[in-house]
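Every read-out reported here was derived from the displayed coordinates using simple, explicitly stated rules and does not represent laboratory data. Note that the structure is a prediction, hence the values are computed from the model and not measured. When we count neighbours, we look across all protein chains shown, and the Cβ atoms used for this are built from the backbone with ideal geometry, even at glycine.
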Amino acid sequence: MFFIEHKKAYFQSYDLCPECGGNLVLSSYERICKECGLVIGEVFGETSYIFNDKSLKSNLNKQYVALGKRTDFIGGLGTFIDYENSKYLKDKSGKLLSPNEQKLFRRLKKNYAQFIRIKNHETEYRIFNILNKISIYLNLNKNIRNTAAYYYKKILKYEKKVINNISLIAFCIFYATRKECHNAPFTINEISNAFQSFGHRVNPRLILRDGIRYKRHLSIESAPHRSEDYLIRLIDNVVKHDDLETRLIKKGSFWSKKEFQIKITIKCREILKYLTLKHRGGRNPFILTGAIIYLADKLLAKEYNQKAILTQKMISEVTKIAEYSIRDHYVNLLKPLFMKN
């Protein structure tokens with residue numbers, strides 16, 4: 001038992017997995033093994049504040065401060081006084097305050113209302129509320145949300161007047177997803193549709209306008225996306241199509257949905273390995289991925305001597321790529337390379 005605990009401590013001290021010895025990566029404040037996927041535990045950033053031992057009775061021990069200002073939240077200095085609806089306030093030891101102190105801190109708590117906390121920051125408060133809603137809607141992780149808030153604050157620092165704060169935070173979300181590459185990347189159309197679903201008049205043109213105008217303040221180089229970045233998300237959307245299971249049965253396929261997903265993913269990766277930058281020729285990687293999924297299904301049908309499962313319409317419905325775009329990429333680029341007789 002002692003040997004096992006010693007072994008785990010050794011691996012964790014060198015950022016290695018205690019199960020398989022693989023390398024650990026940091027993802028959303030958790031350490032995860034690259035080899036077996038084991039979640040080692042949460043990682044907390046170090047704070048510059050020091051909390052003294054409760055047993056000490058010095059004056060310094062009575063001073064409490066907040067752990068820092070959240071990037072994506074507008075609040076006041078310090079921390080809140082107890083819970084929102086609490087009536088009886090206690091000290092650090094859990095003892096009730098004296099009546100005079102109860103009266104004092106209740107008055108302070110009442111005066112420290114939301115309006116006081118966000119005074120002179122009303123616009124930022126509204127924008128960060130929108131950011132949190134969009135992050136939940138698009139299932140973005142905390143890193144992307146915090147990075148988008150950081151970009152927004154940085155642009156405000158250098159720009160005296162912003163044309164449209166909502167379109168600006170939309171650009172910051174788009175730019176943060178490109179930088180993080182943790183979640184599958186999102187297109188400008190998907191981000192604008194998310195804002196429109198909450199009633200905000202944001203379109204791709206406004207996001208691009210803000211990108212051209214404010215990107216210089218960020219001074220961060222971001223690598224352009226490739227079709228490989230979109231592959232997993234688009235295949236997952238295709239597999240979740242309502243008619244896929246019916247199509248598998250109708251076409252006489254002996255695969256389940258999960259087996260079909262594995263087969264088509266492997267085939268798409270084989271296609272992408274063959275396609276060089278010269279072949280891709282600067283084409284839209286998102287649209288090209290949709291056409292590659294369509295090609296992969298046809299190649300699987302030819303390889304296993306069965307009928308193709310997917311149609312251009314099915315792929316278009318789940319990926320929001322126009323049918324003619326899928327057809328154009330397939331006919332003019334992919335078919336001459338892969339469907340030779």
- Message: Please rank PHE198, PHE171, fewest neighbouring Cβ atoms within 10 Å first, as an exposure proxy.
- Response: PHE198, PHE171
- Sorted by Cβ density within 10 Å, fewest first, the residues LEU140, LEU97: LEU97, LEU140
- Message: Using a Cα-Cα cut-off of under 21 Å, which lysines could be cross-linked to LYS161, ignoring same-chain neighbours fewer than 8 residues away?
- Response: LYS119, LYS153, LYS215
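I'd like the projected area of segment 227-338, averaged over all directions, using the convex hull of its alpha carbons. Report it in nm² with one decimal.
Projected over every direction and averaged, the Cα hull of segment 227-338 covers 6.2 nm².
Test of understanding: ordering ILE264, ILE212 by Cβ neighbours within 10 Å, fewest first, what list do you get?
On the way: ILE264 23, ILE212 9.
Going from least to most buried by this count: ILE212, ILE264.
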- Message: As an exercise, find the ratio Rg/Rh for segment 174-279 from alpha-carbon atoms, using the Kirkwood inverse-distance average for Rh.
- Response: 1.08
- Cα Rg, Dmax, segment 126-236, angstrom units: 13.2, 44
